[in-house]
Amino acid sequence: MRVEWNPEKAKSNLQKHGVSFSDAEAVLFDPYALSFEDQSE
């Protein structure tokens, strides 16, 4: 996955979602992250 830095978008995302791009990037590239399919349907 390629990540491009955009300071305006980063500021907007932090204000809107309360999550910085650097935090999101750390989650996306975490080699120990686990993903589970949502079975609630």
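Assorted remarks:
- Taken across segment 6-19, residues that are modelled with pLDDT under 85 and not hydroxyl-bearing (S, T, Y) do not occur at all.
- Every residue from the chain that is part of a loop (DSSP other than H, G, I, E, B), among the polar types (S, T, N, Q) and surrounded by 10 or more Cβ atoms within 10 Å (Cβ to Cβ): N6, S20
- Matching residues in segment 1-23 - criterion: being touching a residue at least 12 places away in the same chain (Cβ under 8 Å) and of a type in the set (V, I, T): V3
The values are calculated or read from the model by the stated rules, or taken from the named source; none is laboratory data. On a predicted model such as this, the values are computed, not experimentally measured, just so you know. Reconstructed Cβ throughout: ideal geometry from the backbone, glycine too, with neighbour counts over all protein chains shown.
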